[in-house]
Amino acid sequence: MDVRWEEAGWERLTGRAGRRRLPVWDCTVGLVVGDDSTLLIDPGSGVREGAEVRAEAERLTGRRVTHIAFTHGHFDHVLGGSAFAGVEFFGAVGLDRLLATPTGREELRASAVRHGLDAAEAAQAVELVRAPRHLVSGEWTLELGGVQVLLANVGPAHSQHDLAVFVPGERETVFCGDLVEESGEPQAGRDAVPGQWPAALDRLLSLGGEDALYVPGHGAVVDAGFVRAQRDALAARFGVAGGPTGA
Ligand SMILES: [Zn+2]
């Protein structure tokens, strides 16, 4: 619908929100445009991709990026942060330790290389990426001018530090991070807390509601029915007691 966005490879979801599926790992980067401020969600997987995302966001909005939110600490979601300076960073409480301690950074670097990121770029990105200064333990309302975005700490579930981003509009848009995946099975690594994952999806559904657009960390935009089905599949897969909420 919005030719300019589509030519640049971005999907415009609402008047205020859009996203792009980045190459290689099919990771979602989200963009929320306020009257005063611009928020990026998960700005790429390394220095080069982060810089590209920054340039595209600035070209599409005509303004610089002022805020970045990380949905969780996996390399494909955070290392693009290395390309940004003078930006306010947000993440779930604890993500700062992961990104600031030598052990956490080494884990991140090793994981990026294991998944195919160039070794030199991974080392550089881990060196440059900033830990979030704004840590969300419950919910945080972010005023961007004409739109108030809600950041909600809904984990741990897919990772130790899961943050979802709710954007009101003609349709509410929920950036789910990897709590929801459309292009494959949801990935549960060593840092996942599977027993709490279904409850995290219940939380997304109760905050987003029935008509929201749910944007997964990987894959096409889905609806509440898809999220509910994934919730039930995860509960079955991980043997979580208690049936569907029926919400
Ligand atoms: Zn992940």
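Taking 0.36 nm per intervening residue step and subtracting the Cα-Cα distance, what contour gain separates VAL113 from ARG133 on full extension?
Working: separation 20, 0.36 × 20 = 7.20 nm, distance 2.62 nm.
Gain on stretching VAL113 to ARG133: 4.6 nm.
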At 20 °C and a viscosity of 1.002 mPa s, what translational diffusion coefficient does Stokes-Einstein give for the range 3-80, taking Rh as the Kirkwood radius over Cα pairs? Give it in µm²/s as a whole number.
175 µm²/s
The Rg/Rh figure for the range 63-204, Cα atoms and Kirkwood Rh, to two decimals is 0.96
Computed lengthening from ASP191 to ALA229, 0.36 nm per intervening residue step minus Cα-Cα distance:
11.4 nm
With all protein chains in place and a 1.4 Å probe, SER45 shows an accessible area in Å² (nearest 10) of 10 Å²
Along the charge dipole of the range 40-105, which of GLY62, ALA85, LEU95 sits closest to the positive end, that is, farthest toward it, with unit charges on the beta carbon of Lys, Arg, Asp and Glu (+1, +1, -1, -1)?
ALA85
Average Cα contact separation per residue, the chain, under 8 Å, 6 or more apart, as relative contact order %
16 percent
Excluding exposed DSSP-loop GluC sites (Glu not before Pro) (at most 11 other C-beta within 10 Å), longest clean stretch of the chain:
1-169
Which percent of the accessible heavy-atom area of the chain goes to carbon and sulfur, probe 1.4 angstrom?
51 percent
With the other protein chains left in place, how much accessible area per residue, in square angstrom, belongs to the chain at a 1.4 angstrom probe?
42 Å²
For the range 174-247, just the Cα atoms, rotate onto the principal axes and tell me the three extents in Å, largest first.
28, 25, 15
DSSP-defined beta bridges in the chain - what % are antiparallel, rounded to 5
65 percent
In nm, to one decimal, how far is the modelled label at GLU88 from the one at ALA8, with both set 7 Å along Cα→Cβ?
2.2 nm
Please give the calculated 222 nm ellipticity per residue for the chain, where each DSSP H segment of at least 4 residues contributes -39500 (n - 2.57) and the sum is spread over every residue; nearest 500 deg cm²/dmol?
-9500 deg cm²/dmol
If I histogram all Cα-Cα distances within the chain using bins 5 Å wide from 0, what percent of pairs lands in each bin?
1, 7, 15, 20, 21, 17, 11, 6, 2, 0
Between the range 146-189 and the range 25-41, the Cα center-to-center distance that results, in Å
13 Å
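The values are calculated or read from the model by the stated rules, or taken from the named source; none is laboratory data. Only a predicted model underlies this, so the values are computations on that prediction, with no experimental measurement involved. Because the Cβ atoms are built from the backbone with ideal geometry, glycine has one as well, and the counts that use them run over all protein chains shown. Remember, those area values only see protein heavy atoms, side chains included, never the ligands or the DNA or RNA. Shrake-Rupley method; radii C 1.70, N 1.55, O 1.52, S 1.80 Å.
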